[in-house]
Each structure stands twice: as C-alpha cells, then as structure tokens.
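Structure record follows, encoded as structure tokens.
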Amino acid sequence: MKDVRDALMVGRNSEGKLVRRPLSPHLQVYKPQISSALSIFHRITGCALGAGTLVLTLWLVTAATGDAAFSVVQAVLASWIGILVLIGFTGALFYHFANGIRHLFWDFGKGYELPTMHRTGYVVLVATVVLTAGFWVIGFLVW
Amino acid sequence: MDQLNSSEPSVHVLRSQLGRARGLGAAGTGVAHWWAQRVTAILLLPLSLYFVASVLALAGASRAGVAAYIGAPWNTVLFLLLVGALFYHLALGLQVVVEDYVHRESAKLATLLVLKGLIIFCALACAVSVLKLAL
C-alpha cells in the first residue's frame with residue numbers, strides 16, 4: 001500500500017493487529033442488493049421526512065394563526081393529491097422508524113450476520129407496509 | 001518485508017496515527033454528532049408513535065379541536081419535545097448527507113448553513129405555534 005488514501009483503509013483492531021477496513025456500499029460500483037437498497041432507502045426516506053417537516057410546520061403555524069388559514073391547509077391535505085402525499089410521508093415515516101430500530105441494534109453490535117441482516121431487512125419492509133396500511137385504515141374509519 | 005504481494009494489510013506511507021485519525025470522516029470531527037443522532041433517534045421512537053396517534057385523533061378536526069388537544073399540558077410538553085428532537089435529528093441527518101455528497105468546501109459550507117438556518121426557522125415556527133395554541 002503506497003497511496004495515502006489507501007492508508008485510510010487500513011486500521012487496527014482491538015488487538016492492535018492491522019486490518020483492512022470494510023468499504024461502505026458505493027452506489028456507482030455496487031451491484032444492487034437488499035442490504036444496500038435498504039441502506040440508501042433509509043437516507044431517501046430521511047430526506048423525504050425532512051420535506052415533510054415543512055408540511056408539519058405549515059399545519060402548526062396555520063393552526064395557531066386562524067380558522068381561514070387552517071381550513072385552507074386542511075382542505076389541501078384532504079384533497080386526493082394531499083392524501084397521496086400524506087400516504088407517502090406516513091410510508092417514509094414507518095420505514096425510517098422500523099429501519100431506525102434495525103440501525104440501533106447494529107449500534108449495539110447485534111444483527112450483523114448476513115442471514116439475520118437479510119431477515120430483519122424483510123421484516124422492516126413488511127412492517128412498513130402493515131403499519132402504513134393500518135394507519136390509513138384507522139384514519140379513514142376515524143375520519 | 002514483501003508485503004505488497006501478501007493479502008495482509010500493511011502501511012508503507014509515512015503517516016502518523018494522529019494524522020490518520022484527524023483525516024478520518026467527511027466531517028473531520030469526533031463522536032458527539034454520532035451520539036446526538038442516536039439519542040434523538042431513541043427519543044423519537046416513542047415520540048413519533050405519539051405523533052402518529054395524535055394525527056389519527058385529530059383527523060378532520062376543527063382548528064378549535066386541534067387547539068384544545070395541543071393545549072392540554074402533557075400534549076404541549078410532548079409536542080415541544082417532539083419538535084425539539086425531530087428538528088435536531090433532521091439537522092444531524094441532513095448534515096451527514098450533505099457532507100457525503102457535496103465535496104467542494106465552499107458549496108458544502110453554504111448548503112449546510114442554508115439547511116440549518118431553514119431548520120432552525122421551522123423549529124422556532126413550530127415551537128411558537130404550539131405555545132400559542134397552548135397559552
């Protein structure tokens with residue numbers, strides 16, 4: 001290893017032995033797999049939820065402003081395009097929620113084995129669909 | 001030491017451990033960001049479920065209904081906590097995304113400043129609105 005950038009890929013483990021660090025999935029060079037797809041989807045849903053906070057802000061501010069402003073926001077959110085956007089946001093929220101729990105388990109060093117990682121990945125996908133569908137079934141029943 | 005042909009990793013460049021540690025990561029800083037992201041994530045687990053339940057409870061509610069709900073003391077506290085944790089977590093998350101994908105220092109700095117400014121603006125707007133509905 002003669003390149004300084006390569007030196008960044010070599011670290012020491014807890015026993016002081018030199019080890020090659022693993023490379024994170026790189027979108028351009030990695031074959032799409034469930035692991036990398038769910039990983040980038042965590043980011044995408046995170047960014048989407050960031051846009052969603054603009055809707056939350058608008059909702060709270062108009063609620064604090066007055067009936068006229070609030071009813072406009074409520075009407076837009078209750079239109080078919082508003083419902084479609086909200087379904088997207090709830091789906092993103094439940095995905096980020098479920099996959100976030102998966103990430104927290106990884107932070108504790110648990111669930112790194114490939115079969116486990118694939119299984120929890122599918123659990124996240126199923127949980128996202130079930131929670132999102134459940135939310136909207138209850139939502140339409142309450143509404 | 002013919003380590004170039006071996007699969008064992010080795011370092012042949014002159015670079016101190018300190019220099020290596022300093023250069024690591026797009027942010028070039030320590031673990032405070034990582035910790036804050038995890039703590040807010042754990043906080044947001046119950047808070048986001050609470051938020052989802054609140055949205056369901058308020059489906060189709062009038063403005064007076066929303067005001068009465070958010071105005072209840074525990075709901076005011078939980079909404080303020082939610083707004084704080086949510087926007088803090090968002091700022092931390094978006095910062096990592098920008099640091100990973102925006103490579104020019106000036107563009108990175110500008111993007112981060114604009115995003116964080118916008119996030120503080122929205123967080124303040126939400127917090128003030130919650131308080132206005134409650135007080």
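The values are calculated or read from the model by the stated rules, or taken from the named source; none is laboratory data. Given the structure is predicted, the values throughout are model-derived calculations rather than measurements. Neighbour counts are summed over all protein chains in view; Cβ atoms, including those assigned to glycine, are modelled from backbone coordinates with ideal geometry. Accessible surface areas use protein heavy atoms only, side chains included; no ligands, DNA or RNA. Shrake-Rupley method; radii C 1.70, N 1.55, O 1.52, S 1.80 Å.
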(message) With the structure loaded, tell me whether B:Ala41 is in contact with a Ser or Thr (Cβ under 8 Å, 6 or more places away or on another chain) and either open to solvent by less than 60 Å² (accessible area, probe 1.4 Å) or closer than 15 Å to A:Leu60 by Cα (or both) or whether it fails that test.
(response) no
(request) Give the residue, chosen from B:Ile120, B:Ile70, that is open to solvent by 40 Å² or more (accessible area, probe 1.4 Å) and modelled with pLDDT of 95 or more. (result) B:Ile120
(message) Residues that are touching a Gly at 6+ places or on another chain (Cβ under 8 Å) and of a type outside the set (Val, Ile, Thr): does the range B:106-116 have at least one?
(response) no
(request) Could you please let me know if A:Thr62 is more than 13 Å from the chain's Cα centre (by Cα), of a type in the set (S, T, N, Q) and open to solvent by less than 50 Å² (accessible area, probe 1.4 Å)? (result) yes
(message) Checking the conditions here, which among A:Gly134, A:Gly100, A:Gly50, A:Gly139 is under 19 Å from B:Pro46 (Cα atoms) and over 13 Å from the mean Cα position of the chain (by Cα)?
(response) A:Gly134
